[in-house]
1. Step by step: first the residues of the range 27-79, then only those that are in a loop (DSSP other than H, G, I, E, B) and aliphatic (A, V, I, L, M), then the one that is nearest to the chain's Cα centre (by Cα). Which residue is that?
2. For the range 336-395, which positions are in contact with a Gly (Cβ under 8 Å, 6 or more places away or on another chain) and acidic (Asp, Glu)?
3. Just to be sure, is residue 378 closer than 20 Å to residue 289 by Cα and among the charged types (D, E, K, R)?
4. Residue 193: not aliphatic (A, V, I, L, M) and not in a loop (DSSP other than H, G, I, E, B), yes or no?
5. Is there a residue being touching a helix residue (DSSP H, G or I) at 6+ places or on another chain (Cβ under 9 Å), surrounded by fewer than 19 Cβ atoms within 10 Å (Cβ to Cβ) and either in the same structural domain as residue 128 (by TED's automatic domain parsing) or aliphatic (A, V, I, L, M) (or both) anywhere in the range 43-54?
6. Quickly run through the range 136-159 and pick out the residues that are crowded, with 20+ Cβ neighbours inside 10 Å and either free of Cβ contacts under 8 Å to residues at least 24 places away in the same chain or assigned to a loop (DSSP other than H, G, I, E, B) (or both).
7. If residue 97 satisfies all but one of (1) of a type outside the set (Lys, Arg); (2) assigned to a loop (DSSP other than H, G, I, E, B); (3) touching a Gly at 6+ places or on another chain (Cβ under 9 Å); (4) surrounded by fewer than 21 Cβ atoms within 10 Å (Cβ to Cβ), what's the number of the condition it fails?
8. Identify all residues within the range 126-135 that are part of a helix (DSSP H, G or I) and closer than 18 Å to residue 74 by Cα; write none if there are none.
Amino acid sequence: MNNKLLAKAVQEYINANLNADVNQIALAKSPFEGITAAELSTQITAKKKSEKKLPTWFNTQDIYYPPLLSIEQTSSEITAKYKSKLAKGNTLIDITGGFGIDSYYFSKNVKAVTHCEINLELSVIARHNAQALHATNIEFKAEDGIAYIMASDTSFDTIYVDPARRAEKGKVFMLKDCTPDITSNLDALLEKSSRIIVKTAPLLDISAGLSELKHVSEIHIVSVKNECKELLWIIDKGYNGDAKIIAVTLNKEIEKDFSFYRSASNASIQFIDGLNTGDYLYEPDAALLKSGAFNLIGTTYNLLKLHPQTQLFSSVIVNKDFPGRIFKIEAILSTTALKKQENLKGNVIVRNYPAKPEDLVKKYKIKADQNQFLIFTKVGNSENIVVRASIIQYY
């Protein structure tokens, strides 16, 4: 960590160049003694990346930024704030501390937090930023989190871990392919705590995760603006019951959740006889779709499903408690009728339809429109249809 980057003149330079070409800055001569052009470029790039993802850090003076990869891999503030509510007790250890976003938010709900990070430079940066943010109840350990907790005589009320995938193996991965390997250390960790929170990428299959872990009481599927961001596995010592699934949508000040026990996910569902103009079309949020409770979504919100493989629903009324998008149907067209339409406009959505959005845009010469949508889908009789609709709820 180069403390010269925290000098007032340097910080003013960084702030003044947030929208500058960082490649030019990296190639030019640094205007500051003891600071390289590459260091300036890194600080500018990482801070700019933090503007929306980490606004508290972005708007706080004297924040020191790590390489961009650490910013990209860290939790966003909105998800860190949510998961902080899942901690139990007064003490928590974050054994994969990283840039410290999660530890900072845990420190708001827990009396004492221990942040472990094996990368010395990143540990020093996280400690400095905690001081800048006035988070005084976080202790920093620059060492391997698993090794630290195993060697310590201290127990913790909650252990938090965000394991990293060791290698990219396509879209399918197992927890045993991550570092640290929670599966082989789980029993030992449960000797040190009664609750473990494991964060994983949303690509992890829920059934696969449950086959590798035990004592899973809850699985939180967290999405932001209809993009699934992370899975949070709550492991409670001694729990052997059915796992509760909580699909959570986070959007600015709006938080909605859809929860159920996994054994209840295979509910029956009624299908529509036919869509009508003036009805409402419901598209579940990404977190709900990840939950796999496709039919239960419909029965919970009194909706009718379009087709067994079409995860779209309809109703004659609007229920704004629904976590997802709601559209008002303005017209229902066949593909033959669509060919006769001129000056087509709308955002193209494809659900259980044999074509890609970009191909449909090209084929029907569809121009973009922010408020209008063309939804290509399939209904119960396996007929392909196109729904022209306006959106009345995004989240």
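1. So in the range 27-79, the residues in a loop (DSSP other than H, G, I, E, B) come out as 28-36, 54, 59-67, 74-76.
Pick out the ones that are also aliphatic (A, V, I, L, M) and you get 28, 35, 54, 63.
Working: 28: 37, 35: 35, 54: 14, 63: 24 Å.
It comes out as 54.
2. Once the filter is applied, which keeps residues that are in contact with a Gly (Cβ under 8 Å, 6 or more places away or on another chain) and acidic (Asp, Glu), the range 336-395 yields only 369.
3. yes
4. Numbers: not aliphatic (A, V, I, L, M): yes; not in a loop (DSSP other than H, G, I, E, B): no.
When the stated conditions are applied, residue 193 does not pass them.
5. Within the range 43-54, the subset touching a helix residue (DSSP H, G or I) at 6+ places or on another chain (Cβ under 9 Å) is 43-54.
Filter once more, keeping what is surrounded by fewer than 19 Cβ atoms within 10 Å (Cβ to Cβ): 49, 51-53.
If we keep only those that are either in the same structural domain as residue 128 (by TED's automatic domain parsing) or aliphatic (A, V, I, L, M) (or both) as well, we get none.
No, there is no match, as no residue in the range 43-54 is touching a helix residue (DSSP H, G or I) at 6+ places or on another chain (Cβ under 9 Å), surrounded by fewer than 19 Cβ atoms within 10 Å (Cβ to Cβ) and either in the same structural domain as residue 128 (by TED's automatic domain parsing) or aliphatic (A, V, I, L, M) (or both).
6. Answer for the range 136-159, where residues must be crowded, with 20+ Cβ neighbours inside 10 Å and either free of Cβ contacts under 8 Å to residues at least 24 places away in the same chain or assigned to a loop (DSSP other than H, G, I, E, B) (or both): just 156.
7. The number of the failed condition is (4).
8. Of all residues in the range 126-135, those part of a helix (DSSP H, G or I) come to 126-132.
Within the range 126-135, 126, 127, 128, 129, 130 meet the criteria.
The values are calculated or read from the model by the stated rules, or taken from the named source; none is laboratory data. No experiment lies behind these values; they were computed from the predicted model shown. Note that each Cβ is placed from the backbone with ideal geometry, even for glycine, and that neighbours are counted across all protein chains shown.
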